[in-house]
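Reading through the structure tokens given below for one structure.
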There are 2 protein chains.
Amino acid sequence: VEAGITVADLGEFGLIAAIRALLPPDQRLSIGPGDDAAVLLVPDGQVVATTDLLVEGRHFRRDWSGPADVGVKAAAQNLADVAAMGAVPRTLLLGLACPADLAAEWVLDMVRGMVTECRRAGASIAGGDVTAADSIMLGITALGDLAGQDPVTRRGARPGDVVAVAGRLGWSAAGLALLRHGLAERGDLADGGFLADGGDLADRGIPADGGHALAALIAAHRRPQPPYEAGPAAAAAGATAMLDVSDGLLSDLGHIAEDSEVCIDLQSDQITVSEPVVLAAGLLGADWTDWVLAGGEDHALAATFPPAAALPDGWSVIGTVRAGSGVLVDGVVGNGPLGWDHFR
Amino acid sequence: VEAGITVADLGEFGLIAAIRALLPPDQRLSIGPGDDAAVLLVPDGQVVATTDLLVEGRHFRRDWSGPADVGVKAAAQNLADVAAMGAVPRTLLLGLACPADLAAEWVLDMVRGMVTECRRAGASIAGGDVTAADSIMLGITALGDLAGQDPVTRRGARPGDVVAVAGRLGWSAAGLALLRHGLAERGDLADGGFLADGGDLADRGIPADGGHALAALIAAHRRPQPPYEAGPAAAAAGATAMLDVSDGLLSDLGHIAEDSEVCIDLQSDQITVSEPVVLAAGLLGADWTDWVLAGGEDHALAATFPPAAALPDGWSVIGTVRAGSGVLVDGVVGNGPLGWDHFR
């Protein structure tokens with residue numbers, strides 16, 4: 001599609017045809033895009049299904065994220081929900097509402113981002129819906145296959161279990177803080193260049209290669225990379241409860257504590273904090289604890305395992321399950337920010 | 001929830017809890033609302049999946065439709081897509097974006113409407129997502145079960161097949177025209193009362209009980225009632241192609257003609273026009289042909305059957321399939337409005 005062509009120029013059916021041309025075939029779809037509905041094969045007779053909405057200005061900003069970033073993020077947060085049940089993500093449905101004067105290439109680049117992330121997860125795009133709206137909104141549904149395993153819910157944690165995570169903590173929140181600070185991911189970051197507010201990285205004590213690390217945080221905010229394989233692997237290893245960390249580690253573990261009627265006690269010295277996160281906190285004078293304990297959107301997986309379980313690759317222990325209720329850090333109730341409420 | 005309570009007052013988790021309290025249990029859900037994803041049992045190992053977005057001001061108007069109407073319509077248009085594959089609708093996922101100051105009761109009444117329509121179709125609500133936005137948007141996904149039958153696509157129509165429909169044609173379009181004309185569905189319609197523009201129904205030649213008929217059209221626009229059972233019944237009777245009429249009969253049959261590489265020839269004298277539709281056309285000086293041939297949103301089902309097939313209850317023949325391409329009416333290419341493009 002040429003530059004300057006809008007979705008109105010293509011029309012609904014032209015836009016759908018252009019989107020479909022980007023979608024790789026998938027043999028697990030007995031019916032793919034282009035009919036009233038798609039048909040996905042799930043040989044064990046159970047399908048995992050989840051949906052999320054993404055609203056421009058709330059879940060993404062077009063000045064902070066390119067269209068492919070938005071596509072990656074939209075796919076990732078839904079595919080991660082499937083993995084958090086212990087299932088293999090299989091396919092997405094894409095609902096897209098957008099202004100008629102939006103560049104068609106924005107939509108197609110967004111779809112390319114979704115395809116990229118779906119490929120990382122082993123999933124396809126089975127169909128969807130496009131319609132006009134005043135701003136961009138995405139309604140994404142992900143479907144997955146338990147492949148004969150039982151789903152891992154939030155209800156099965158038992159006192160004595162260990163608590164473990166797979167994936168990144170605090171990266172997306174640190175990247176968002178950097179973007180809010182006016183620090184864009186630019187070429188000059190890579191060699192210790194200038195901040196948007198005029199300060200030199202070196203003046204702030206950032207090492208010469210620190211720009212790379214900061215750019216990686218911004219990239220992590222734009223394109224979360226959930227550890228999809230860790231979900232089915234945890235289910236196979238006997239995980240008793242699991243979820244994806246979308247609102248913040250303490251907030252989300254609170255759901256396991258509540259639904260399983262247990263207390264989750266984290267040991268802060270077991271939570272590994274990545275070097276780039278520490279670097280960004282130093283630069284911004286921020287507390288990385290907030291990012292790690294309350295930052296969402298990295299879509300790490302958190303789970304509980306029986307004490308004797310052998311944890312799969314990528315999982316590390318961060319605490320234990322006790323009788324009681326709530327989430328503690330080193331035995332104490334936290335008093336920091338606990339997560340994200342979409343209406344507050 | 002008391003009057004005056006907004007979704008922000010309840011908060012994201014309070015709103016979700018209030019919604020969940022309205023949802024009947026469903027034994028086909030091995031995991032229902034409240035986890036990262038739902039799990040639906042589909043014993044034959046195939047799941048039918050479709051998604052649609054509904055945007056306030058485009059797909060519904062809050063001054064023309066109450067919240068329960070919006071819920072019925074949102075559910076119906078997705079459940080109809082499942083039935084149009086020959087499947088039994090099983091469950092919905094509800095994505096809801098809305099302003100923080102929206103009355104919580106609006107949301108709950110909308111969900112009650114969805115539950116009502118789901119019950120009519122034999123389906124449940126398995127989960128969803130709520131988030132804030134400047135206006136109301138729904139992202140609905142419907143999942144269905146083929147129960148061992150093969151899906152009926154748009155590709156299988158063959159020359160010699162008959163074309164048939166089940167459900168209403170032109171009702172929703174007539175109801176919308178009445179609403180656009182300022183004719184609301186009021187008590188005084190029932191006894192031949194006044195139009196909103198000041199004209200008396202009797203002055204327009206509407207019989208004394210005509211108000212009931214006009215009100216039924218408006219109700220049909222607000223709450224489409226797709227003939228869900230007709231979908232699996234058509235599949236069992238050997239339907240060769242099927243879809244739901246969402247954009248208009250000619251436009252949607254055009255998809256079967258194109259995908260099946262055939263010509264669809266409708267016989268106008270076989271298309272039954274309902275009395276209320278004729279009445280409304282007379283009142284508004286409109287051509288009911290446009291409503292019947294090009295009006296969408298009733299979510300009738302249209303299908304092709306082998307010539308020897310015994311049509312199930314509710315299906316009536318309206319034409320034949322020939323070699324060729326396109327959609328004809330009485331052998332002639334139509335020149336009227338052909339349907340709806342969301343971006344034009």
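Every residue in region A:76-114 that is over 12 Å from A:SER124 (Cα atoms), at the interface with chain B (Cβ under 10 Å from one of its Cβ atoms) and β-branched (Val, Ile, Thr), please. Passing the criteria: only A:VAL82.
Residues in region B:241-262 that are in contact with a Lys or Arg (Cβ under 6 Å, 6 or more places away or on another chain) and either among the small types (Gly, Ala, Ser) or open to solvent by 10 Å² or more (accessible area, probe 1.4 Å) (or both): 4 in all.
Could you grab me the full set of residues in region B:148-166 that are within 14 Å of another protein chain (Cβ to nearest Cβ) and at positive phi? Matches in region B:148-166: B:GLY148 only. Looking at B:ASP63, B:ASP9, B:ASP52, just one residue is over 24 Å from B:ARG223 (Cα atoms) and charged (D, E, K, R), and that residue is B:ASP9.
Determine whether B:VAL107 is of a type in the set (Val, Ile, Thr) and open to solvent by 20 Å² or more (accessible area, probe 1.4 Å). No. Given the structure, is B:ILE5 touching a Gly at 6+ places or on another chain (Cβ under 9 Å) and open to solvent by 20 Å² or more (accessible area, probe 1.4 Å)? Spelling it out, it is not the case that B:ILE5 is touching a Gly at 6+ places or on another chain (Cβ under 9 Å) and open to solvent by 20 Å² or more (accessible area, probe 1.4 Å). Of the listed requirements (1) touching a helix residue (DSSP H, G or I) at 6+ places or on another chain (Cβ under 7 Å); (2) free of Cβ contacts under 8 Å to residues at least 40 places away in the same chain, B:ALA202 misses just one: (1). Number of residues in region B:263-278 that are open to solvent by less than 50 Å² (accessible area, probe 1.4 Å) and touching a helix residue (DSSP H, G or I) at 6+ places or on another chain (Cβ under 8 Å) equals 8.
So that you can scan it fast, the table gives a plain yes or no per residue for (1) surrounded by fewer than 16 Cβ atoms within 10 Å (Cβ to Cβ); (2) of a type in the set (Val, Ile, Thr); (3) part of a strand (DSSP E or B); (4) modelled with pLDDT of 95 or more:
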position: B:ARG154; (1), (2), (3), (4): no, no, no, yes
position: B:VAL165; (1), (2), (3), (4): no, yes, yes, yes
position: B:LEU179; (1), (2), (3), (4): no, no, no, no
position: B:ALA190; (1), (2), (3), (4): yes, no, no, no
position: B:ILE206; (1), (2), (3), (4): no, yes, no, no
position: B:GLY211; (1), (2), (3), (4): no, no, no, no
position: B:PRO224; (1), (2), (3), (4): no, no, no, yes
position: B:TYR228; (1), (2), (3), (4): no, no, no, yes
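Applying the selection to region B:11-22, what residues are open to solvent by 50 Å² or more (accessible area, probe 1.4 Å) and over 29 Å from the mean Cα position of the chain (by Cα)? The answer is B:PHE13, and nothing else. All of A:ALA133, A:ALA174, A:ALA126 fail the test of being aliphatic (A, V, I, L, M) and more than 21 Å from the chain's Cα centre (by Cα), apart from A:ALA133. Just one of the listed residues (A:ALA300, A:ALA234, A:ALA281) is surrounded by fewer than 23 Cβ atoms within 10 Å (Cβ to Cβ) and not aromatic (Phe, Trp, Tyr), and it is A:ALA281. Of all residues in region B:305-315, those satisfying the criterion of being open to solvent by less than 50 Å² (accessible area, probe 1.4 Å) and either within 20 Å of the chain's Cα centre (by Cα) or within 20 Å of B:GLN225 (Cα to Cα) (or both) are B:PRO312, B:TRP315.
Considering only region B:87-98, I want to know if a residue exists there that is modelled with pLDDT of 95 or more, open to solvent by 10 Å² or more (accessible area, probe 1.4 Å) and either under 18 Å from B:VAL245 (Cβ atoms) or not in a strand (DSSP E or B) (or both). No: region B:87-98 contains no residue that is modelled with pLDDT of 95 or more, open to solvent by 10 Å² or more (accessible area, probe 1.4 Å) and either under 18 Å from B:VAL245 (Cβ atoms) or not in a strand (DSSP E or B) (or both).
The residues listed here are A:VAL7, A:VAL39, A:VAL72, A:VAL48; of these, the one that is without any contact (Cβ under 8 Å) to a residue 40 or more places away in the chain, touching a Pro at 6+ places or on another chain (Cβ under 9 Å) and either farther than 21 Å from A:ALA123 by Cβ or of a type outside the set (Lys, Arg) (or both) is A:VAL39. Contact annotation: residue pairs with Cβ atoms under 7 Å, 6 or more positions apart or on different chains, pairing a residue in region B:240-256 that is within 10 Å of chain A (Cβ to nearest Cβ) with a partner that is aromatic (Phe, Trp, Tyr) and open to solvent by 10 Å² or more (accessible area, probe 1.4 Å), are B:ASP247/B:TRP340. Residues that are part of a helix (DSSP H, G or I) and within 12 Å of chain B (Cβ to nearest Cβ) within region A:45-75 comprise just one, A:ALA74. In region A:23-43, the residue that is farthest from B:ALA38 (Cα to Cα) out of those that are within 8 Å of chain B (Cβ to nearest Cβ) and open to solvent by 50 Å² or more (accessible area, probe 1.4 Å) is A:SER30.
Within region A:18-44, how many residues are in contact with a helix residue (DSSP H, G or I) (Cβ under 6 Å, 6 or more places away or on another chain) and in a loop (DSSP other than H, G, I, E, B)? So the answer is 4.
Condition check ((1) of a type in the set (D, E, K, R); (2) more than 26 Å from B:ASP35 (Cβ to Cβ); (3) touching a residue at least 60 places away in the same chain (Cβ under 8 Å)) across all residues:
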| residue | (1), (2), (3) |
| --- | --- |
| A:ILE206 | no, yes, yes |
| A:LEU217 | no, yes, yes |
| A:GLU229 | yes, no, yes |
| A:ALA235 | no, no, yes |
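The values are calculated or read from the model by the stated rules, or taken from the named source; none is laboratory data. Because the structure is predicted, anything quoted here is derived from the model rather than measured. Note: ideal-geometry Cβ built from the backbone for every residue, glycine included; neighbour counts use all protein chains shown. Heavy atoms of the whole protein, side chains included, go into the accessibility calculation; ligands, DNA and RNA do not. Shrake-Rupley method; radii C 1.70, N 1.55, O 1.52, S 1.80 Å.
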